[in-house]
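Chemist: The structure is given below, and queries will be raised subsequently.
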Amino acid sequence: MTLWWIGNVVLLVVILPVVVYLLHGVLAAAKSIVPSVHAIANVAAAGSKDLDATVLLLTTQEQVTATVAGVANYGGSLDVILDDAD
Amino acid sequence: MAPLLAVMAVGVVTILAVVLIVAALVFYLVSVIVQLRKITSGLDVVIAHVSEIVQKSAPVNDVVTTINGQLDAGVDLLEGLLVKKAGLVDAVGLVEGLYAGASAAGLRNFPESTTITAPRIGEVYTRGTLTLARLGREAPIAVGNPAGPALRDVERGSLAARQLYPEIRQTRPESLPRSPVIGTDAPEQYEQREDIGAPRKRLPGRSA
């Protein structure tokens, strides 16, 4: 009977507080993750929006290709028109 | 009777303790589950946006590589043409004249250009500078090119360049004053005087 009482006391005074403490820590950690996840979501959304202009790279590529082709034609004409240095 | 009550009391306390522990477990674990669900929904949003980022940035590498390749070809072409037409020394001088300090890096396809002391093209007219001047003012670029129309309007280019000169020739007057002709065959002969160059007949400062 005495051991039973001692077991009850240990259960109420030691086991229950330890369980509550550990569970409270897990809950606090889980709660701290939520705002970080929301912040990451906002940053990812902003990053995705910033990349909307990447489509214009295709236009840039076409423009650069046309420009270099024009420069090549221009250089070819100059090569014919102007004398060489040596 | 008393031992029975004592046993019941101990049992009630035990049950109470177990109920408290189970209640604490239920409360905290349910709270954790709620938070994990929030995290899951937030991560779903993150994954959606990251997928968009991956999708949008997928062609960037190829496009930028292509653009860099095209620009490299253009740089090679222009460097080669500049060196071919102006010479390596003058080319370095021209680059230095346009971008101060750039000659230290040299021309990409001409490693020996880094060892050249750049001439001061801005002060001394060299062949490279004259080449540039011809390009800007009078070179008939692509005139009669079978590939298409001229890249540069020669008339307008000439008119634009003429704006740099004094007004007297810009309006193209019908007749300009002729340049004076000098020398023994000049149509305008000036009076020949014997006293010019001869010794003075009267020295200055002496009264008559």
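Since every read-out is calculated from the coordinates, none of them should be taken as a lab result. This one's a predicted model, so the numbers in the text were calculated from it and none came from an experiment. No Cβ is skipped: glycine too gets one built from the backbone with ideal geometry, and neighbour counts run over all protein chains shown.
Chemist: Could you work out how much longer the chain between residue B:37 and residue B:120 gets when fully extended? Use 0.36 nm per residue separation minus the Cα distance between them, nm to one decimal. Intermediate results must be reported in sequence, preceding the final value.
Modeler: On the way: separation 83, 0.36 × 83 = 29.88 nm, distance 7.17 nm.
This chain segment gains 22.7 nm when fully extended.
Chemist: So how long is each side of the stretch B:22-85 along the principal axes, counting just the alpha-carbon atoms, biggest first, in Å?
Modeler: Projected onto the principal axes, the Cα atoms of the stretch B:22-85 cover 90, 17, 9 Å.
Chemist: Still on this structure, I have one more. Place the peptides B:76-82, A:15-21 in order of packing, highest mean first, counting for every residue the other Cβ atoms within 10 Å and averaging per peptide.
Modeler: On the way: B:76-82: 17.6, A:15-21: 13.7.
Taking the mean over residues of other Cβ atoms within 10 Å, the ranking is B:76-82, A:15-21.
Chemist: Once you have the Cα-Cα distance between residue A:42 and residue A:10, take 0.36 nm times their residue separation minus that, and quote the gain in nm to one decimal.
Modeler: Working: separation 32, 0.36 × 32 = 11.52 nm, distance 4.82 nm.
Result: 6.7 nm gained on full extension.
Chemist: Residues in the stretch A:1-23, backbone N under 13 Å from the label point at residue B:18 (7 Å along the Cα-to-beta-carbon vector): list them, ranges by number please.
Modeler: Taking a point 7 Å out along Cα→Cβ of residue B:18, the residues of the stretch A:1-23 whose backbone N falls under 13 Å are A:8.
Chemist: Can you compute the FRET efficiency between residue B:104 and residue A:73 using 1/(1 + (r/R0)^6), with r the Cβ-Cβ distance and R0 = 22 Å? Round to the nearest 0.05. Provide the component values of the computation, followed by the final result.
Modeler: Values: r = 32 Å, r/R0 = 1.45.
So the FRET efficiency works out to roughly 0.10.
Chemist: For peptide A:56-65, compute the average count of partner chain beta-carbon atoms within 10 Å of each residue's beta-carbon.
Modeler: Whole-number average of other-chain Cβ neighbours for A:56-65 is 4.
Chemist: Another question, if that's okay. Give me Rg/Rg_expected for chain A, where Rg uses Cα atoms only and Rg_expected = 2.2 N^0.38 Å with N residues.
Modeler: Details: Rg = 36.5 Å, N = 86, 2.2 N^0.38 = 12.0 Å.
Ratio of Cα Rg to 2.2 N^0.38 Å: 3.06.
Chemist: Here is a further query. Within a Cβ distance under 14 Å of residue A:43, other residues only, what is the Lys/Arg minus Asp/Glu net charge? Provide the component values of the computation, followed by the final result.
Modeler: On the way: positive: A:49; negative: A:50, B:52.
Taking every Cβ under 14 Å from that of residue A:43, the sum is -1.
Chemist: Counting only helical runs of four or more DSSP H residues, what would the 222 nm mean residue ellipticity of chain A come to if each run contributes -39,500 (n - 2.57) and the total is spread over all its residues?
Modeler: Estimated from H runs of four or more residues: -28500 deg cm²/dmol.
Chemist: Let me know the whole percent of all Cα-Cα pairs from the stretch B:13-53 that are separated by more than 13 Å.
Modeler: Pairs farther apart than 13 Å: 64 percent.
Chemist: At what distance in angstrom do the alpha carbon centres of the stretch B:39-72 and the stretch B:88-116 lie from each other?
Modeler: Centre-to-centre distance over Cα atoms comes out at 38 Å.
Chemist: Tell me the label-point distance for the pair residue B:189, residue A:33, using the 7 Å Cα-to-Cβ offset, in nm and rounded to one decimal.
Modeler: Distance between the two pseudo-spin positions: 11.5 nm.
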